[in-house]
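Okay, structure first, notes after.
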Amino acid sequence: MDSDAPRQLIARVLSEASRREVSDAMTERIAADLPGLRDDDAIFGSLAASVEANVENVTHAVVLDVPVERIEVPLAALEYPRRVAQRGLAATSLVRAYYLGQQTMIALIGETLDADREAAQDLREAAMRWLVGWSFDYNDVVTQRVLDEYEAERAAWVDARSGARTMRVLEVLEGEVPSVAAASASIRYPLRGRHIGLVAWYSEGVDEVERIERFLRELGAAAGAAAPPLTVAVDRLTAWAWLPVADGDTAIAAAREFIAAGADAPRVVLGPPGEGIDGFRTTNRAAREVRRVADATAAPLLVATDPGVGLAALVAQDVGAARTWADGVLGELTGGSAADERLRSTLEIFLRTGGSFKATAEQQLLHANSVKYRVRRAIQRRGRAIGDDRLDVEVALAVRRIFGPHAPGNPARTVADAGH
């Protein structure tokens with residue numbers, strides 16, 4: 001008998017089996033032996049996803065003859081121990097779930113082999129022996145990784161809930177740190193690298209911290225973070241966070257795409273990338289300042305490095321006064337029509353590009369003559385030429401664009417805009 005024949009037979013059985021039926025049977029077996037799992041939809045759903053990912057993982061590993069020590073644990077299988085840790089459930093339930101799943105899979109494959117009349121009896125027996133040995137090795141590798149994830153999440157969860165980690169983070173933000181290395185170890189986050197600070201929040205809910213933390217882990221993975229994000233719960237609906245990144249601009253671009261694609265994403269503001277412990281502080285401070293801008297607008301996402309956002313953060317403490325001043329600078333150009341909005345957009349880009357009709361046309365996908373017309377019309381709507389007050393006009397346009405027509409303390413103007 002070929003020494004690899006037992007594995008090949010198991011690989012054939014796994015390839016031909018319905019993975020959904022196998023994973024459903026394993027999930028049912030685990031849930032039946034561990035009462036209470038069905039009472040928590042999030043836990044049960046996470047368990048089902050973990051089992052399905054493991055079945056897929058095992059099938060590929062056996063078919064491709066991947067050495068057990070080189071097998072990667074699927075992401076869904078790591079989310080389940082995090083949920084278990086957050087619920088305060090015992091780690092023993094994780095190990096038991098894997099061995100219950102192993103028993104179920106061995107039984108199902110055994111039934112299939114018993115019904116297989118093409119393979120010789122000695123090959124089927126050898127295949128079962130191979131499967132039992134291999135599956136124990138797989139469980140040893142995977143459960144160790146799962147338990148490590150459980151312990152890390154449990155420690156972080158206990159710290160977050162007790163406020164101990166929050167206090168240590170606040171000390172880093174506000175106080176002198178005698179040793180960056182010691183502070184990094186204390187908060188379990190690499191302070192020497194590059195960071196992007198975030199504030200994430202839901203406008204309503206009961207206790208959304210776990211939901212935000214899960215979102216931030218997924219955001220960190222999508223943005224290519226070098227390590228899991230550091231998250232501090234501010235209240236039941238809000239969290240501060242830091243992403244350790246290699247390239248700030250690339251990470252922000254990836255974060256934009258991820259947030260925009262999430263229908264259930266919280267509102268998010270991002271600070272500018274910062275280096276070392278000073279950057280850790282400044283990116284958080286900037287994100288918190290931009291949060292004030294977000295509170296005064298309906299924007300689901302704001303980035304401190306976007307044009308005008310930093311300026312808006314400075315005036316956000318009194319949005320009404322800023323809008324009143326901007327209205328005075330722009331005159332009738334603050335009209336609420338779509339036509340006025342187009343004129344303001346073109347004029348803002350024109351001034352930002354140093355008065356270049358060509359650059360403005362390229363950015364707005366317009367003909368240069370159309371840009372000239374809009375700039376001329378915008379100045380007419382304003383009611384006076386742009387001279388020494390050019391900077392005022394740029395700032396006023398940024399304030400009007402960011403805070404929109406319904407900023408607190410200054411209702412939208414309703415100016416007639418016939419003819420433009």
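The values are calculated or read from the model by the stated rules, or taken from the named source; none is laboratory data. This structure is a prediction, so every number in the text was calculated from the model and none was measured. Backbone-built Cβ (ideal geometry, glycine too); neighbour counts: all protein chains shown.
Some points to look at:
- Cβ separations smaller than 9 Å between residues 6+ apart or across chains give the following pairs from segment 333-358 residues that are hydroxyl-bearing (Ser, Thr, Tyr) and surrounded by fewer than 22 Cβ atoms within 10 Å (Cβ to Cβ) to residues that are in a loop (DSSP other than H, G, I, E, B) and modelled with pLDDT under 90: Ser337/Val415; Ser337/Ala416; Ser337/Asp417; Ser337/His420.
- Lone unmet requirement of (1) modelled with pLDDT under 90; (2) touching a Phe, Trp or Tyr at 6+ places or on another chain (Cβ under 7 Å); (3) of a type in the set (A, V, I, L, M, F, W, C) for Leu89: (2)
- Residues of segment 235-249 satisfying the condition of being surrounded by fewer than 16 Cβ atoms within 10 Å (Cβ to Cβ) and either within 16 Å of Val269 (Cα to Cα) or touching a helix residue (DSSP H, G or I) at 6+ places or on another chain (Cβ under 9 Å) (or both): Asp235, Arg236, Asp249
- Segment 86-125 - residue that is among the basic types (Lys, Arg) and assigned to a helix (DSSP H, G or I) and, of those, farthest from the chain's Cα centre (by Cα): Arg124
- A residue that is touching a Ser or Thr at 6+ places or on another chain (Cβ under 8 Å), touching a residue at least 12 places away in the same chain (Cβ under 8 Å), among the aliphatic types (A, V, I, L, M) and not in a loop (DSSP other than H, G, I, E, B) occurs nowhere in segment 135-150.
- Unique match (being touching a residue at least 24 places away in the same chain (Cβ under 8 Å), touching an Asp or Glu at 6+ places or on another chain (Cβ under 6 Å) and at negative phi) among Arg211, Arg236, Arg192: Arg236
- Condition check for Ala42: of a type outside the set (D, E, K, R), over 17 Å from Val146 (Cβ atoms) and without any contact (Cβ under 8 Å) to a residue 60 or more places away in the chain: yes
- In this entry, Ile212 is excluded by the filter for residues that are buried (at least 20 other Cβ atoms within 10 Å of the Cβ) and farther than 24 Å from Arg154 by Cα.
- Members of segment 125-150 found to be surrounded by 18 or more Cβ atoms within 10 Å (Cβ to Cβ) and farther than 30 Å from Ala76 by Cα, listed by number: Ala126
- Residue check for Asp116: closer than 16 Å to Trp130 by Cβ and not basic (Lys, Arg): yes
- Looking across segment 273-285 at every residue that is out of contact with any helix residue (DSSP H, G or I) (no Cβ under 6 Å at 6 or more places or on another chain) and not acidic (Asp, Glu), the one that is surrounded by the most Cβ atoms within 10 Å (Cβ to Cβ) is identified as Phe280.
- Pro228, sole failed condition from (1) over 19 Å from Gly279 (Cα atoms); (2) in a loop (DSSP other than H, G, I, E, B): (1)
- Failed item, numbered, when His195 is tested on (1) assigned to a loop (DSSP other than H, G, I, E, B); (2) in contact with a Leu (Cβ under 8 Å, 6 or more places away or on another chain): (1)
- Residues that are part of a loop (DSSP other than H, G, I, E, B), over 10 Å from the mean Cα position of the chain (by Cα) and at pLDDT 90 or above, drawn from segment 249-273: Gly271, Pro272, Pro273
- Neighbours by Cβ (under 8 Å, 6+ apart or cross-chain): first from segment 286-297, of a type in the set (Asp, Glu); second surrounded by 18 or more Cβ atoms within 10 Å (Cβ to Cβ): Glu289/Ala304; Glu289/Ala313; Glu289/Ala316; Asp295/Ala316
- With a requirement of 2 or more residues that are within 26 Å of Thr166 (Cβ to Cβ) and not small (Gly, Ala, Ser), the helices (runs of 4 or more DSSP H) lying completely within segment 275-346 that satisfy it span 276-295.
- Among the candidates Ala160, Ala181, the residue that is on the phi < 0 side of the Ramachandran plot and either of a type in the set (Phe, Trp, Tyr) or at pLDDT 90 or above (or both) is uniquely Ala181.
- Segment 178-207 - residue that is buried (at least 16 other Cβ atoms within 10 Å of the Cβ) and out of contact with any strand residue (DSSP E or B) (no Cβ under 8 Å at 6 or more places or on another chain) and, of those, farthest from Asp278 (Cα to Cα): Ser186
- Condition met for Leu37 (surrounded by 15 or more Cβ atoms within 10 Å (Cβ to Cβ), in contact with a helix residue (DSSP H, G or I) (Cβ under 7 Å, 6 or more places away or on another chain) and free of Cβ contacts under 8 Å to residues at least 24 places away in the same chain): yes
- Subset of segment 350-397 [under 24 Å from Val315 (Cα atoms), outside any helix (DSSP H, G or I) and in contact with a helix residue (DSSP H, G or I) (Cβ under 9 Å, 6 or more places away or on another chain)]: Thr353, Ile386, Asp389
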